[in-house]
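K.L.:
This is the structure I want to talk about, given as structure tokens.
The values are calculated or read from the model by the stated rules, or taken from the named source; none is laboratory data. Being a predicted model, the structure only gives us computed values, none of them experimental. A quick note on method: Cβ atoms are made from the backbone with ideal geometry, for glycine too, and the neighbour counts reach across all protein chains shown.
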Amino acid sequence: MKYFSTNNPHLTASLREAVINGLAPDRGLYMPESIRPLSSDFYADIHQLSFHDIAFEVAKAFFGDDIPAEDLRQITADTFCFDVPLVKVANGIFSLELFHGPTLAFKDVGARFMARMLEYFIAHPVQEHQAPRGDVNVLVATSGDTGSAVANGFLGVKGIHVFVLYPKGKVSPIQECQFTTLGRNITAVEVDGVFDDCQRLVKQAFLDADLRHHLSMTSANSINVARLLPQAFYYFYAYAQLRRQQLAGKAPQGAPVISVPSGNFGNLTAGLFAHRMGLPVARFVAANNANDIFYHYLRTGDYSPKASIPTLANAMDVGDPSNFARILALYGSAHKAICKDIAGATYTDDDISTTMRRCHESTGYVLDPHGACAYEALLNHVGPAQPGIFLETAHPAKFKEKVDTILGTEISLPPRLAAFMKGVKHSEPMSSDFADFKAFLLSR
Ligand SMILES: *Cc1c(COP(=O)(O)O)cnc(C)c1O
């Protein structure tokens, strides 16, 4: 299957090129040329299928032309070594817990899948001269969660070296441990600056002709199709689990409303792909924190990027969501059609704290600040006799200090998280000057 650029439908690439290059040469985002609906048999039997079987069926629809079935099955199996349970929180309200992976955040899914797919392409060059010279270098700027998921997803993968750039003193101790203690093919780069400096260094590196000549580089942000598309898998699995509940009389009948806590909109875009493949969804809700650019777009049709505002749900502090271009491409820029499928919501930090407390008191369920946005948005958009699913994107212990303060609890660290805290930190100090970063990359 071909992938086209959101800036120019005639500029196309193979899956291999799209994954290895990340971004199209005209800076557009890659989109699959066709989206294949799954068969009615698949949907009729979905409640009997395992997560692996479902993921493999969906993976074949996306990648089956480009990767042999057996290899694809292996990549999918290696990605999902953990469960994504649908947990009942209240009558008709379910949490899809996406946080049971190695770094306890939903980005583990996309990061692990992308690592396996890139590994596959490196191990299977099309022609001898197409094999990359030296390692493929994955550069990733992080304000916390992306760095840990990508570093852990790519840890030990042959032929790939990962550089995680993070702002000194501006990520939480737990997050920092998750990518500075790994060693091996993971290098943490501690930038004397803010997150925007990290992002600027990475962008400049991709544009630098000299570096591109010497190094093979790619991005592991959700602009990469290999990270984005596998996020569709768990929407199908959520539906399968909901069907089981419905068949047992434990959930209202009908297609669910699905609420997604959104920052760069990769997660929501993956859900829209699933819907295009025939997944029954009554409506999506894009839940935002105070960074309300998409909410404003839904209301007015006007898209105006802004500088991001720091909030309690910091993985959603995005002022110019990168996957917006993909949503426009999916709907041919038709504002009305977008509003029909997606409702919007925006919440202040006070709203988030209130929601977390209220949910904890009335149901006993502990939300993290990101999931809290989605939960509140779901309550505001689901009908009384309609099933609702919200995506819980991070384990609350990842934000332990905040959660404990808001709820007055003392939640415990899962063993996996505690293990990271015991490691020895190692990182390369770096100024925010591109010349220094370039010299560092060339010296390796
Ligand atoms: C990255 C992240 C989000 C936002 O996901 P997008 O795909 O960027 O919209 C939400 N919650 C958590 C915990 C995250 O790490």
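K.L.:
If I filter segment 405-420 down to residues being under 15 Å from residue 349 (Cα atoms) and surrounded by 14 or more Cβ atoms within 10 Å (Cβ to Cβ), which single residue comes out as farthest from the ligand (Cβ to nearest atom)? Before the answer, list the steps.
P.N.:
The first filter runs over segment 405-420 and keeps only residues under 15 Å from residue 349 (Cα atoms), leaving 405-407.
Next cut, surrounded by 14 or more Cβ atoms within 10 Å (Cβ to Cβ) only: 406-407.
Numbers: 406: 16, 407: 17 Å.
Top of the filtered list is 407.
K.L.:
Return the pair list, or none, for Cβ contacts closer than 8 Å from residues in segment 345-362 that are farther than 23 Å from residue 284 by Cβ to residues that are of a type outside the set (Val, Ile, Thr), at least 6 apart or on different chains.
P.N.:
Partner pairs satisfying both residue conditions: 349/289; 349/290; 349/312; 353/312; 357/407; 360/367; 360/407; 362/90.
K.L.:
Here is a follow-up. Count, please, the residues in segment 261-309 that happen to be acidic (Asp, Glu) and within 15 Å of the ligand (Cβ to nearest atom).
P.N.:
1
For (1) at pLDDT 95 or above; (2) closer than 28 Å to residue 38 by Cα, each residue gets a yes or a no:
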{"site": "280", "(1), (2)": "yes, yes"}
{"site": "291", "(1), (2)": "yes, no"}
{"site": "299", "(1), (2)": "yes, no"}
{"site": "320", "(1), (2)": "no, no"}
{"site": "325", "(1), (2)": "yes, yes"}
{"site": "334", "(1), (2)": "yes, yes"}
{"site": "347", "(1), (2)": "yes, no"}
{"site": "354", "(1), (2)": "yes, no"}
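K.L.:
Would it be correct to say that residue 313 is among the hydrophobic types (A, V, I, L, M, F, W, C), within 12 Å of the ligand (Cβ to nearest atom) and in contact with a His (Cβ under 6 Å, 6 or more places away or on another chain)?
P.N.:
The answer is yes for residue 313.
K.L.:
Given the conditions (1) modelled with pLDDT of 95 or more; (2) within 16 Å of the ligand (Cβ to nearest atom), which single one is not true for residue 329?
P.N.:
(2)
K.L.:
Kindly establish whether residue 397 is in a helix (DSSP H, G or I), within 16 Å of the ligand (Cβ to nearest atom) and surrounded by 15 or more Cβ atoms within 10 Å (Cβ to Cβ). Give the steps one after another, and end with the answer.
P.N.:
Details: in a helix (DSSP H, G or I): yes; within 16 Å of the ligand (Cβ to nearest atom): yes; surrounded by 15 or more Cβ atoms within 10 Å (Cβ to Cβ): yes.
Yes; evaluated as a whole, the condition is true for this residue.
K.L.:
Answer with yes or no whether residue 65 is in a loop (DSSP other than H, G, I, E, B) and either among the small types (Gly, Ala, Ser) or surrounded by fewer than 21 Cβ atoms within 10 Å (Cβ to Cβ) (or both).
P.N.:
yes
K.L.:
While we're here: How many residues does segment 296-315 contain that are out of contact with any helix residue (DSSP H, G or I) (no Cβ under 6 Å at 6 or more places or on another chain) and within 26 Å of residue 406 (Cα to Cα)?
P.N.:
The qualifying residues number 4.
K.L.:
Could I ask something else about it? Answer yes if at least one residue in segment 31-44 is among the aromatic types (Phe, Trp, Tyr), touching a strand residue (DSSP E or B) at 6+ places or on another chain (Cβ under 8 Å) and touching a residue at least 12 places away in the same chain (Cβ under 8 Å), and no otherwise.
P.N.:
There is no residue in segment 31-44 that is among the aromatic types (Phe, Trp, Tyr), touching a strand residue (DSSP E or B) at 6+ places or on another chain (Cβ under 8 Å) and touching a residue at least 12 places away in the same chain (Cβ under 8 Å).
K.L.:
Further, regarding this structure: Look at residue 122 and say whether it is in contact with a Pro (Cβ under 7 Å, 6 or more places away or on another chain) and not basic (Lys, Arg).
P.N.:
yes
K.L.:
From the list 255, 251, which one is more than 17 Å from the chain's Cα centre (by Cα) and either surrounded by 20 or more Cβ atoms within 10 Å (Cβ to Cβ) or closer than 26 Å to residue 146 by Cα (or both)?
P.N.:
251
K.L.:
What are the residue pairs meeting all of these: first residue in segment 86-98, first residue of a type in the set (Val, Ile, Thr), second residue assigned to a loop (DSSP other than H, G, I, E, B), Cβ atoms under 6 Å, and 6 or more apart or on different chains?
P.N.:
89/365
K.L.:
Shifting gears a bit: Looking only at helices (runs of 4 or more DSSP H) that fall completely inside segment 141-222, which ones have 3 or more residues that are surrounded by fewer than 21 Cβ atoms within 10 Å (Cβ to Cβ)?
P.N.:
195-207, 209-214
K.L.:
So residue 141 ticks every box in (1) within 16 Å of the chain's Cα centre (by Cα); (2) away from the ligand (no atom under 16 Å from the Cβ); (3) of a type in the set (Gly, Ala, Ser) but one. Which box is left unticked?
P.N.:
The failed condition is (2).
K.L.:
Going through segment 363-381 one residue at a time, which ones are part of a helix (DSSP H, G or I) and under 17 Å from residue 314 (Cβ atoms)?
P.N.:
Correct list: 369, 370, 371, 372, 373, 374.
K.L.:
Of the residues in segment 1-33, how many are assigned to a loop (DSSP other than H, G, I, E, B), polar (S, T, N, Q) and either closer than 26 Å to residue 112 by Cβ or in contact with a Leu (Cβ under 6 Å, 6 or more places away or on another chain) (or both)?
P.N.:
2
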